[in-house]
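For reference, the structure is listed below as structure tokens.
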Amino acid sequence: MAKLTFYGHATFGLETDDGTRLVIDPFFGDNPACDVSVDDVAADFILLTHGHHDHVADAMPLAERTGATIIASFEIASYMEGKGFPVSPQHIGGGVEYPFGYVKMTPAVHGGKLDLPDAEGFTTVPGGFLINLTGGQRLYLAGDTALTFDMQLLKGLVDVAALPIGDRFTMGPADAVRAVDFIEPDVVIPFHYNTWPAVEQDAEAFAAAVGDRARVEIMVPTDVFEF
Ligand code: NI
Ligand code: MN
């Protein structure tokens, strides 16, 4: 079984069947949704969907302490490499086979500024991740994105889909339901909501709107979902 831990907002931990530990979009210290310290999280790989503060704020402290390899777009990976961290650059549509599984970057429609010191030259496009674990599980982390027609390409390829529902900066609940129609996952995990008043949403109402299209797992910070 793989274990997906929700740390609030857009931060997830993923422990695979073979014990590899991934952290996606590490945002701990400034994250009002979660009390976990970045110092208490283990990582072999750090995946970054895009450069906004609420996705990369704790990437460097976590990489520094753990020695984890950072998987991100070429531009963000180049920045991190310049800071001395091990990286695996990728880009939209491209996948890489890692010991724990195959990771493909998927398109996201959103902003791409890298919110880190001296990073003006490393602005990039945002993305998501489609992760095919060696254990057979297929996880789609949409990242911060609008609803896109591109999501129809994921139909039949995803078991568990993590979708933003916060509205304002990403899809809202109604568009996330349409994304579920496009993707047809077995399980949907909403994220990027209730972190601040600006992205307040009713996850129970979202689950009701998804209805029998998929099972909705509403995770509160530190919840673990096994699949
Ligand atoms: Ni963002
Ligand atoms: Mn965000």
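Some points to look at:
- Test set (1) closer than 16 Å to I131 by Cβ; (2) surrounded by fewer than 21 Cβ atoms within 10 Å (Cβ to Cβ); (3) acidic (D, E) - D39 fails condition number: (1)
- Criterion applied to A207, A146, A174, A179 was being outside any loop (DSSP other than H, G, I, E, B), of a type outside the set (D, E) and surrounded by fewer than 17 Cβ atoms within 10 Å (Cβ to Cβ), and the one residue passing it is A174.
- Looking only at residues of segment 47-73 that are more than 16 Å from ligand 2 (Cβ to nearest atom) and buried (at least 17 other Cβ atoms within 10 Å of the Cβ), we find that the one that is nearest to the chain's Cα centre (by Cα) is I71.
- Selection count, segment 149-171, where residues are in contact (Cβ under 8 Å) with a residue 60 or more places away in the chain, within 16 Å of V210 (Cβ to Cβ) and crowded, with 21+ Cβ neighbours inside 10 Å: 3
- Filter pass, T20 being closer than 22 Å to M80 by Cα, of a type in the set (S, T, N, Q), more than 16 Å from ligand 2 (Cβ to nearest atom) and touching a strand residue (DSSP E or B) at 6+ places or on another chain (Cβ under 8 Å): yes
- Answer residue from segment 26-36, given it is in contact (Cβ under 8 Å) with a residue 40 or more places away in the chain and within 14 Å of ligand 2 (Cβ to nearest atom) and is surrounded by the most Cβ atoms within 10 Å (Cβ to Cβ) among those: N31
- Within the option set A33, A72, being within 16 Å of ligand 1 (Cβ to nearest atom) and in contact with a helix residue (DSSP H, G or I) (Cβ under 8 Å, 6 or more places away or on another chain) holds for one residue only, A72.
- Candidates A10, A42: the one that is touching a residue at least 40 places away in the same chain (Cβ under 8 Å) and within 21 Å of L139 (Cβ to Cβ) is A10.
Read-outs throughout are calculated quantities, based only on the coordinates presented, and are distinct from any laboratory measurement. Note that the structure is predicted; figures quoted are calculated from it, not measured. Virtual Cβ from ideal backbone geometry, glycine too; neighbours counted across all protein chains shown.
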